[in-house]
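This report concerns only the one structure given below.
The values are calculated or read from the model by the stated rules, or taken from the named source; none is laboratory data. Values in this document were obtained by computation on a predicted structure and should not be read as measured data. Methodologically, a virtual Cβ is constructed for each residue, glycine included, from the backbone with ideal geometry; neighbour enumeration extends over all protein chains shown.
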Amino acid sequence: MKRIEDIENMELDELIAEAETIDVQVPSDLESGIRSKIGRQRRIQMGRIRYAVAAAITALLGCSLLLSITLSSRTPALEDTFEDPELAYAEVQRAFGMISDALNTGAREASIGEAKFTQTTRQINDLIN
């Protein structure tokens, strides 16, 4: 048995040679134990993510409710802003077009994020299996 000071002063090739001379028995259930631990950690992490998402959604809903209540108490009575109904309809179409463009952009970005998430999940599963 070597002393710690001797081991600390050894070169890398000496450490490797020494390690190759030692016969270490690996427990037969080591791999299943590691997989079990990783599975538990993944379930815990997914649970935390779900709670974080739920908390964020709840906070967002609470803020929007508070904002809507605050703004509704300050909102003056609505009046027509267009004399011509066709002009008003054209303005509504333009507004819906802008909303549609914004939603399409968000959907594209979400799709890219989902692809990256799926790729990462696949890589993690490949490492585990």
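Just to be sure, is SER32 within 30 Å of THR121 (Cβ to Cβ) and assigned to a helix (DSSP H, G or I)? Considered against the rule, which asks whether it is within 30 Å of THR121 (Cβ to Cβ) and assigned to a helix (DSSP H, G or I), SER32 comes out as yes. Going by what's in this entry, would THR81 be described as among the hydroxyl-bearing types (Ser, Thr, Tyr) and surrounded by 10 or more Cβ atoms within 10 Å (Cβ to Cβ)? So THR81 does not fit the description; no. On the stretch given as region 79-129, residues that are over 30 Å from GLY39 (Cβ atoms) and aliphatic (A, V, I, L, M) total 10. Evaluated against (1) loosely packed, with under 10 Cβ neighbours inside 10 Å; (2) closer than 22 Å to ASN129 by Cα; (3) acidic (Asp, Glu), GLU31 falls short on exactly one condition, (1). Taking every residue in region 6-27 that is surrounded by 10 or more Cβ atoms within 10 Å (Cβ to Cβ) and pairing it with any residue that is part of a loop (DSSP other than H, G, I, E, B) and not aromatic (Phe, Trp, Tyr), at least 6 positions away or on another chain, the pairs with Cβ-Cβ distances below 9 Å are MET10/LYS2; GLU18/LYS2; GLU18/MET10. Residue check: is ILE38 under 30 Å from ASN129 (Cα atoms) and in contact (Cβ under 8 Å) with a residue 24 or more places away in the chain? Yes, satisfied.
Of the residues making up region 80-129, those that are part of a helix (DSSP H, G or I) and among the polar types (S, T, N, Q) are GLN93, SER100, ASN104, THR105, SER111, THR118, GLN119, THR120, THR121, GLN123, ASN125. Looking across region 80-117, the residues that are among the hydroxyl-bearing types (Ser, Thr, Tyr) and modelled with pLDDT of 90 or more come down to TYR89, SER100, THR105.
When the test is whether a residue is hydrophobic (A, V, I, L, M, F, W, C), farther than 30 Å from LEU127 by Cβ and surrounded by 10 or more Cβ atoms within 10 Å (Cβ to Cβ), ALA59 passes it. Restricting ILE49, ILE16 to those that are more than 27 Å from the chain's Cα centre (by Cα), assigned to a helix (DSSP H, G or I), modelled with pLDDT of 85 or more and within 30 Å of ASN129 (Cα to Cα) reduces the list to ILE16.
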